[in-house]
Amino acid sequence: MKIAIVGYGKMGHEIEKHCRRLNYDIVAVIDNEDDWKTKSDTLMQAKVAIEFTAPHIVVSNLKRLLDLKIPVVTGTTGWKEKLDEIRNYCQKSNGTLFYASNFSIGVNLFFAMNRYLAKLMAGYPDYKIDVEEIHHTQKLDTPSGTAISMVDDIISENKNYKGWKLVADKPGEDEIPVEARRIEGVTGTHSLSYTSGIDTISLRHEAFNRDGFAMGALMAAEWVRDKKGVFTMNDLLNI
Ligand SMILES: NC(=O)c1ccc[n+]([C@@H]2O[C@H](COP(=O)([O-])OP(=O)(O)OC[C@H]3O[C@@H](n4cnc5c(N)ncnc54)[C@H](O)[C@@H]3O)[C@@H](O)[C@H]2O)c1
C-alpha cells in the first residue's frame, strides 16, 4: 500500500516504523508548509494519507487532502467543533475520511464497556461519576479527545448528566467532572469511576506505548482506502 505520512512527529515516526514492518511504501512525508509545495508530486501517488498533526492545522490539512482526492485517516485531536464542517466537506467532494480520537483497539473495547456501564448506571443516580485522563506534558489539547469521547458516550446514555467540565472549572451537579493531568512520559491513561456511599466501580485503560495507535491507524487505512464517505472505529470494528 502506498502511504503518505502527514505530520512527522511522535505519531508520524510510529506510523513509519510500522509501515516498514508491514512493507508498506511511504511515498511522501509532509511535516510543514514547505513540504506541501515541494512534495506535491510524490504525495499524489499515495493511495491513502495518515494525518497526525495539531489542532490548529488539521482542518486545512484534511481539506487539502480531500481536494487532492486522497483518502485520509486522521487521529489528530482537539478539533471536535469542526468535525461537522469536515464531514460535509468530505461528503460534498465525494471523498474518504476516517477519524478516530483513539486508534487503539483496547481503547475502543474500553469505549464499548463504558457505553454498556453508562446504560446500566443511568438508573442509579446515587453513584457519582469521575473521569480522569493522564498524558505526557507536550500534549496540546485538554482534556484529551479520548476523554471527550468517553463523556459524550456517557451523556448520551445517562440523562442525569447534561455536560462535562474540568474539575478546575468547578462542575455542577449535572456535569461530569473531568480531571486532566500532565506527567512527563505518560503515553495515555484514561479511567472512570462510579462512587456511592457504599462502593466504587471503576474502568481503566493504560497505553504502554504508541504501537496500538499506529497499528490501528494502519488497519483503518487498509480498510478505508477503497471506500467513500466518513468512517470511525465503530465502523471498522463493528462495535
Ligand atoms: N487518535 C489517536 O489514536 C492518537 C494517538 C496519539 C496522538 N494523537 C493526536 O495526534 C496528534 C499528533 O500527535 P503527536 O504526538 O505525533 O504530535 P507531535 O507534536 O509530536 O507531531 C506533530 C507534527 O505535525 C507537524 N506539522 C505541523 N504543521 C504541519 C503542517 N502544516 N503539515 C504537516 N505537518 C505539520 C509538526 O512538524 C510535528 O512534527 C495530536 O493531536 C495528538 O493528540 C492521537
Exercise. Can you send over the solvent-accessible area of Thr189, 1.4 Å probe, protein chains only, in Å² to the nearest 10?
Key: 10
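For a quick check of your reading of the filter: which trypsin sites (Lys or Arg not before Pro) in the range 28-128 sit in a DSSP loop and have no more than 14 other Cβ atoms within 10 Å?
Details: sites: Lys37, Lys39, Lys47, Lys63, Arg64, Lys69, Lys80, Lys82, Arg87, Lys92, Arg115, Lys119, Lys128; in loops: Lys39, Lys47, Lys69.
Answer by residue number: Lys69.
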Exercise. Could you work out the Rg to Rh ratio of the range 105-207, with Rh taken as the Kirkwood radius (inverse of the mean 1/r over all Cα pairs)?
Key: 0.95
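As a test of reading the structure, rank Glu14, Glu184, Glu51, Glu179 by solvent-accessible area (1.4 Å probe, protein chains only), most first.
Values: Glu14 35, Glu184 125, Glu51 0, Glu179 75 Å².
So, going from the largest accessible area down, we get Glu184, Glu179, Glu14, Glu51.
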Quiz prompt | Chain lengthening between Asp169 and Asp152 when straightened (0.36 nm per residue, less Cα-Cα) | solution = 4.3 nm
Quiz item: Just how far, in whole angstrom, is the range 1-65 from the range 188-213 if you go by their alpha carbon centroids?
Solution: 32
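If R0 is 45 Å, what FRET efficiency do you get for Lys69 and Thr195 from their C-beta distance, rounded to 0.05? Each step should come with its number before you reach the end.
Details: r = 50 Å, r/R0 = 1.12.
It comes to 0.35.
Could you please put His56, His13, His136 in sequence from largest to smallest accessible area, using a 1.4 Å probe?
His56, His13, His136
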Practice problem: Taking the Cα atoms of the chain, report the difference between the largest and smallest coordinate on each principal axis, in whole Å and largest first. | Solution: 63, 38, 30
Quiz prompt | For Thr142, solvent-accessible area (1.4 Å; no DNA, RNA or ligand), Å² | solution = 80
Quiz prompt | Exposure rank, largest accessible area first [Met44, Met11; 1.4 Å] | solution = Met44, Met11
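Give me the 1.4 Å probe accessible area per residue for the chain, excluding ligands and nucleic acids, in Å². Spell out each step's value before the answer.
Values: 11820 Å² over 239 residues.
I get 49 Å² per residue for the chain.
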Quiz item: In Å and whole numbers, how far do the C-alpha atoms of the range 1-124 stretch along each principal axis, longest first?
Solution: 58, 35, 24
Quiz item: How far apart, in nm, are the 7 Å Cα→Cβ label points at Glu85 and Glu222?
Solution: 3.5
Quiz item: Taking the Cα-to-Cβ direction at Asn32 and at Arg181 and moving 7 Å from each Cα, how far apart do the two end points lie in nm?
Solution: 3.6
Self-check item: Set of lysines near Lys119 by C-alpha distance (under 27 Å), chain-local residues within fewer than 8 positions excluded
Solution: Lys80, Lys128, Lys159, Lys162, Lys165, Lys170
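The values are calculated or read from the model by the stated rules, or taken from the named source; none is laboratory data. Just so it is clear, the model here is predicted, and its values are computed rather than measured. Note that each Cβ is placed from the backbone with ideal geometry, even for glycine, and that neighbours are counted across all protein chains shown. All accessible areas refer to the heavy atoms of the entire protein, side chains included, with ligands and DNA or RNA removed. Shrake-Rupley method; radii C 1.70, N 1.55, O 1.52, S 1.80 Å.
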